[in-house]
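Encoded as structure tokens, the structure appears first; notes follow it.
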Amino acid sequence: MADEYVFIDEWDVDAPLEAVFDALADARTYPEWWRPVYIAVQADCPPQVGCVSRHEFKGRLPYHLKTRSEIVRLERPRAFEVSVVGDLTGEGTWTLTPADGKVHVHFDWRVIADRPLLRVLTPVLRPVFRWNHSWSIKRAIEGLEPYARSRGGGAGA
């Protein structure tokens with residue numbers, strides 16, 4: 001699909017597997033550690049299949065995105081998948097693997113920009129939107145490890 005974005009991001013986190021999983025699977029924590037990307041998350045349930053959350057987030061570019069996310073698969077503490085609708089529509093899969101005393105994070109994010117202006121601009125600004133995603137993921141990489149370590153003690157899987 002011409003307007004689909006496929007992002008595959010991977011990095012290692014020096015923190016306990018369960019703490020990394022809990023931070024990623026519980027979207028309610030995103031504004032605490034995924035700054036300044038996540039502005040607000042509303043969810044009335046812990047991470048479980050069927051849990052729905054509403055997100056407002058932004059990258060480096062001057063616009064905010066709003067989505068509704070539902071956990072459709074949860075394999076604690078190794079993987080979970082979300083279905084997303086709103087300004088972006090698609091799915092995201094997080095997979096965690098113990099590796100050399102750390103946790104290897106693999107994020108597969110496949111979305112379509114459904115916000116009308118983004119959809120119109122995608123053919124021209126796709127590289128800029130991809131850069132914006134990379135900027136946002138770098139904020140996750142910077143914030144996740146210290147947050148997970150503070151919740152789960154020392155490193156290790």
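Derivation of every value follows stated rules applied to the coordinates shown; laboratory data play no part. Only a predicted model underlies this, so the values are computations on that prediction, with no experimental measurement involved. Glycine gets a Cβ as well: all are built from the backbone with ideal geometry, and neighbour counts include every protein chain shown.
Annotations
- Distance between modelled label sites at Asp44 and Ser150, nm, 7 Å Cα→Cβ extension: 2.9 nm
- Taking every alpha-carbon pair within the chain, the share separated by more than 26 Å comes to 23 percent.
- Mean residue ellipticity (222 nm) of the chain, computed from DSSP H runs ≥ 4 via -39,500 (n - 2.57), nearest 500: -10500 deg cm²/dmol
- Between 0 and 90°, nearest 10: helix 116-152 axis offset from the chain longest Cα axis: 10 degrees
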